[in-house]
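Only the coordinates and a few stated rules stand behind these numbers; no lab work does. Treat the numbers as computed from the prediction; the structure is a model and nothing was measured. As a convention, Cβ positions derive from the backbone with ideal geometry for all residues, glycine included, and neighbour counts pool all protein chains shown.
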């Protein structure tokens, strides 16, 4: 019956090709769908024990992560800070600073919180400079290949809005950059 329908169409190869492709969409199964039809045999013996198993396919993998810039890392760090997600911030801190905090639990407990009425409206990177060497005078440590960022924050506290600049430093580490967020003795509302 199907052959009778397609026989007159053979005179027009373009139409035949179209219908064959259209029919192919409904008659072939993607390799990952075959798993739904493979089942264990119910009977005994060898007669029904074999099922067609599709060849293994390589799973789809996400593309490799793009190298995050110091600015991207710092903006994510501050976004997490404003949301109070301190456990996620921990992996973004340089190892020296992590040791100074004394561990994740101390960091979560002692990291200064933003004032509950303070809202970060906007963050921008005013400038980025990569320094060959930089010494943190407060902690007496010298680092190589340091990214010095000047971040500009626009904030609101109840009805008052203002903008301020803040300088932060990040060091290269496995997987990108990490911020030098040390514990401070004199706590401020904004943090590192």
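What is the calculated FRET efficiency for residue 106 to residue 80, with r their C-beta to C-beta distance and R₀ = 25 Å, to the nearest 0.05? Please report the intermediate quantities before stating the final value.
Working: r = 17 Å, r/R0 = 0.70.
Plugging the Cβ-Cβ distance into 1/(1 + (r/R0)^6) gives 0.90.
Shape summary of segment 70-179, radius of gyration then Dmax from alpha carbon positions: 14.5, 43 Å.
Taking R0 as 30 Å, what FRET efficiency do you get between residue 117 and residue 139 from their Cβ-Cβ distance, rounded to the nearest 0.05? Before the final figure, lay out the partial values.
Working: r = 31 Å, r/R0 = 1.04.
According to the calculation, E is roughly 0.45.
A full extension of the chain between residue 87 and residue 129 corresponds to an added length of 12.3 nm, given 0.36 nm per residue minus the alpha carbon distance.
When only C-alpha pairs under 8 Å and at least 6 residues apart count, what is the relative contact order of segment 70-179, in percent? All intermediate terms of the calculation are to be shown ahead of the outcome.
Values: 172 pairs, mean separation 29.0, N = 110.
Relative contact order, segment 70-179: 26 percent.
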